[in-house]
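> Here you go, one structure.
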Amino acid sequence: MSDCCCPDKTANTKQICPECGIACKSVTMPTLYHQIRFPENQSLLPDNYYFCPSKTCSVGYFSNTGHSIPKTWLRSYQAIQDDAICYCFDISNDQYLSALKAQRAEQIKDFVIQRTQAGECACEIRNPSGQCCLAKFKRFEN
């Protein structure tokens, strides 16, 4: 699954979430502008931001200068709560687990890989982490 859709536009640095204490990866400004709902996205200050992937943490993004954005402001808030495995094609962990049990998971993964290779995904803006979803399939299967 090396044909990821997201070129590495950041140094992928990490910072500790000020609320829950887990290590969080950096995201690009385009990810934030697309993830944060209107009108809150209009007042974003350019900075280095990090996404907190923890479902139980209320912080969605935080910056080096202490600016914090709650998960409830995110377009993908419900998908985060529903454990999305793929934001581009709206696939939840539960759906993929059911497919694994029914031996249909390979079809789902192949579809996502094919669409990604065709340039038809939008992980940088659909996934709140700004990261490609393909690696999540392999981690989930393990």
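> Can you tell me how many residues in region 46-70 are closer than 21 Å to residue 140 by Cβ and either surrounded by fewer than 21 Cβ atoms within 10 Å (Cβ to Cβ) or at pLDDT below 95 (or both)?
So the answer is 5.
> Can you name the residue in region 102-119 that is assigned to a helix (DSSP H, G or I) and either among the charged types (D, E, K, R) or open to solvent by 60 Å² or more (accessible area, probe 1.4 Å) (or both) and is also nearest to residue 13 (Cα to Cα) among such residues?
Among them, the one singled out is 117.
> Can you tell me which of 79, 84, 122, 99 is over 15 Å from the mean Cα position of the chain (by Cα), of a type in the set (A, V, I, L, M) and open to solvent by less than 60 Å² (accessible area, probe 1.4 Å)?
99
The values are calculated or read from the model by the stated rules, or taken from the named source; none is laboratory data. Owing to the predicted nature of the structure, the values given are computational and were not obtained by experimental measurement. All Cβ positions, glycine included, derive from the backbone under ideal geometry; neighbour counts span all protein chains shown. Just the protein is used for accessible areas: all its heavy atoms, side chains included, with ligands, DNA and RNA removed. Shrake-Rupley method; radii C 1.70, N 1.55, O 1.52, S 1.80 Å.
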